[in-house]
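Chemist: This is the structure, below, for whatever I ask next.
The values are calculated or read from the model by the stated rules, or taken from the named source; none is laboratory data. Fair warning: this is a prediction, and the values are worked out from it, not measured in the lab. Positions of Cβ are generated from backbone atoms using ideal geometry, with glycine treated the same way; all protein chains shown enter the neighbour counts. Quick note on the areas: whole protein, heavy atoms, side chains included, nothing else; ligands and nucleic acids left out. Shrake-Rupley method; radii C 1.70, N 1.55, O 1.52, S 1.80 Å.
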Amino acid sequence: MITPAFELTQDLDFLTIIIKVPYARASEFDVYFEGEDFKFYAKPYFLRQLTLPGRIVEDGREKASYNTDKGTFTIRLPKEIPGQYFEGLDMLTSLLAPKKSRSAKPLVEEIAASAELSEEEEEEFDWEVEQTPYEESAESTLPLQYRYGFGNLRSGVFQRLQDELSDVIDIKDPDQTPVDERRRKRLAAEAAKFEPDHYLADFFEDEAIQHVLKYKPWWVDAHKKMIALQGENHQEHGTHTFVVFSEEEREQLRKFTNKSYLLDKRSRHHVYLGLIDILLAYCYEICVNEGDKNVESSWNVRKLSATLCWLESFTSIHDVLVSFGRRVLCYPLHRHFGLVTRAFSDTVMILQLGKAAVLKCLLDIHKIFMENDPAYILNDLFIADYCIWIQKTRSKKLAALSESLQKTTLAKSHIGFELEELEAAAVLVQEEESTLKAAGTVSKQQLPSSESETSDSEESSSTSSSGTEGADSDERESSTSEDGKINSLQGTLQAERTAPLIDCNGLRQGANTSAFEVSDEKSKVSLQSTSVPGKLVEELEKQMHTAIRLSEQPEGLATASCILQEQEE
């Protein structure tokens, strides 16, 4: 026989059961209901036992219909007490559990279980585990294996699956490691992993973090609707459903095997505090990835939850928050305290929405771990048991837990990494850098005027230097021309000084040749321009007398007299 898919809804007077039976014979079906029991049969589907959270009655108002297109039966059953709210209609695993399963174990255990349930209903949780002083025990009385998992009910798992679980948890050999030693090793590992540079980088450059903080998951809108409805009408709030399960989630619930958990008071506290720790990690994962799943989703949830990663057993809500805050600032990509407070507020919302919202989150975690190869073992150790256990939990316990969580405060000073001192030092450094930058900007603004003055002076100096160079060049040119004249005169005088060595008679005889070679250009021009032979002879005689006088005088006087002679000529 096949257990059909089904869902339950309610209003003030009726309970509606929708059963999906495709390809069934609609002409042959049976429905049985009485008190809290409901059964349905339509070949090949058989809903053997459905234990309802409230009583229904057969008074002629019941109705059943079949939709051939969808293949669904819709059965409306009147409530025995009109207006009564049936709690937990979404807890399909709990609804499918037959009543006889409660007495399947020995009777003495069931009596203890019922006593504990009644005690749990009556007592008021303070969410603080009673502290007992540590006492050393003899080696013979020490347990061979330490417990862990949901309610600390498991042991010996890691001895068989050490290779598979080495990538899932951080603690080595948990079967031989007591709880206190696990905590010490966890704190030491977190202190070694914390990186101030990474934290400060996310603290100052938080654009991406501010973006993800704006994301609103589904429980934000559901919580707003619940608050608005509570303010309007309390009776309507009792029949309103804020959390809707998908068909895939309903299929998950039908696959779970119903169990009973015998937990003492201390174990129940550990279970509730572990639930907060797991929800905090899940809320962080949903926020930073904005509801999308990726390959890091499984790593984020199990790494940020010390319950899953270190098999931690917490003793107070504050310890849970401190552990989660430390791990957020040590391990993931985004390490910002704002993400810690955001996950904190989201967890409060989920708990206030009730166990349906908590179950929906746990089902999502179960799916994430199931799709990851090593992390699926955590479903067997924790998540599957949480999914079954939460369906039987009283809503007032979750309400009290959310209230206690909301009253708990978490500050940066509680984390233990001296975050406030790091931030203050970084702010001082940033202020000094901004001051230096401002001073550099002012100096740059003043620099152009001085540079212009410098350039003007450079231009004037270059102008004066160019003028000086021009003047120097003119002087060099004039001196060069004068040197040329003096050199030519000296050459002429040198030639005239050598003139007396020539025989006078020979000079007269070769006046037409040698006299012209030793005379300067002016004398040549004057001699060439003279056409009368008598004048030429007289001119030659004068030059002969001049040359003789110069040869007898000192060299400097001869040069001066030669210059004067030429000027006179």
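Chemist: Tell me the label-point distance for the pair residue 58, residue 46, using the 7 Å Cα-to-Cβ offset, in nm and rounded to one decimal.
Modeler: Taking the simple label geometry, residue 58 and residue 46 are separated by 2.1 nm.
Chemist: With every protein chain left in place, what is the accessible area per residue of segment 5-96 in square angstrom, probe 1.4 Å? Write out the running numbers ahead of the final one.
Modeler: Details: 4720 Å² over 92 residues.
Per-residue value: 51 Å².
Chemist: Under a plain spin-label model, where a point goes 7 Å from the Cα along Cα-to-Cβ, how far apart in nm are residue 188 and residue 441?
Modeler: 5.1 nm
Chemist: Length gain on complete extension for the stretch residue 176 to residue 214, per 0.36 nm per residue less the alpha carbon to alpha carbon distance?
Modeler: So the chain would gain 9.2 nm between residue 176 and residue 214.
Chemist: Tell me, what is the percent relative contact order of segment 5-96, built from C-alpha pairs under 8 Å that lie six or more residues apart?
Modeler: Here the relative contact order equals 33 percent.
Chemist: May I pose another question? Roughly speaking, what is the stretch gain from residue 221 to residue 434, that is 0.36 nm per residue apart minus the C-alpha to C-alpha distance, in nm to one decimal? All intermediate terms of the calculation are to be shown ahead of the outcome.
Modeler: Details: separation 213, 0.36 × 213 = 76.68 nm, distance 4.27 nm.
Length gained between residue 221 and residue 434: 72.4 nm.
Chemist: Label residue 244 and residue 290 with points 7 Å out from Cα along Cα→Cβ: what is the distance between them in nm?
Modeler: Going from the residue 244 label point to the residue 290 one covers 2.3 nm.
Chemist: From largest accessible area down, sort 407, 367, 303; use a 1.4 Å probe on the protein chains.
Modeler: 407, 367, 303
Chemist: Mind listing the phi-derived Karplus ³J(HN,Hα) values for segment 43-56, rounded to whole Hz, using 6.51, -1.76 and 1.60 with θ = phi - 60°, and x for any glycine or proline?
Modeler: 3, x, 9, 9, 9, 5, 8, 10, 8, 7, x, x, 8, 10
Chemist: Further question on the same structure: Starting from 0.36 nm per residue, how many nanometres of slack lie between residue 395 and residue 18 once their C-alpha separation is accounted for?
Modeler: 133.2 nm
Chemist: Taking a probe of 1.4 angstrom, what is the accessible area of residue 318 in Å², to the nearest 10?
Modeler: 60 Å²
Chemist: My understanding is that a pair violates if its Cα-Cα distance is over 18 Å; which of 20/255; 293/412; 367/396; 360/392; 293/360; 185/407 do that in this structure?
Modeler: Over 18 Å Cα-Cα: 293/412; 367/396; 185/407.
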